[in-house]
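Q: Could you have a look at this structure, given as structure tokens, before my questions?
Derivation of every value follows stated rules applied to the coordinates shown; laboratory data play no part. Since we're looking at a predicted model, the values are computed, not measured. We place every Cβ from the backbone using ideal geometry, glycine too, and count neighbours over all the protein chains shown.
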Amino acid sequence: MMNNSSIASLSMSNPSQFIAMDKNRSIRSDHLFLNNDVIFIQHQGEQYRLRRTRNGKLILTK
């Protein structure tokens with residue numbers, strides 16, 4: 001069984017592995033924001049921006 005750190009690492013190297021993950025797994029935000037404070041998410045044909053603020057809050061915008 002893989003821990004969440006292993007899953008996040010694998011998913012970063014192969015994004016298609018997100019699809020195979022169990023719905024109840026969690027991913028640490030520091031794994032998502034390795035290189036900067038903004039990531040883009042494609043969802044149902046729309047692009048969203050997930051941003052980490054200086055205060056450590058998350059803001060999701062379309």
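Q: Counting only residues that are touching an Asp or Glu at 6+ places or on another chain (Cβ under 9 Å) and without any contact (Cβ under 8 Å) to a residue 12 or more places away in the chain, how many does the range 23-52 have?
A: Number of matching residues: 0.
Q: Keeping to the range 31-47, report how many residues are in a loop (DSSP other than H, G, I, E, B) and over 13 Å from LYS62 (Cα atoms). Before the answer, list the steps.
A: Within the range 31-47, the first condition is being in a loop (DSSP other than H, G, I, E, B), and the residues that meet it are 33-37, 44-45.
Adding the requirement that they be over 13 Å from LYS62 (Cα atoms) leaves 33-37.
The total comes to 5.
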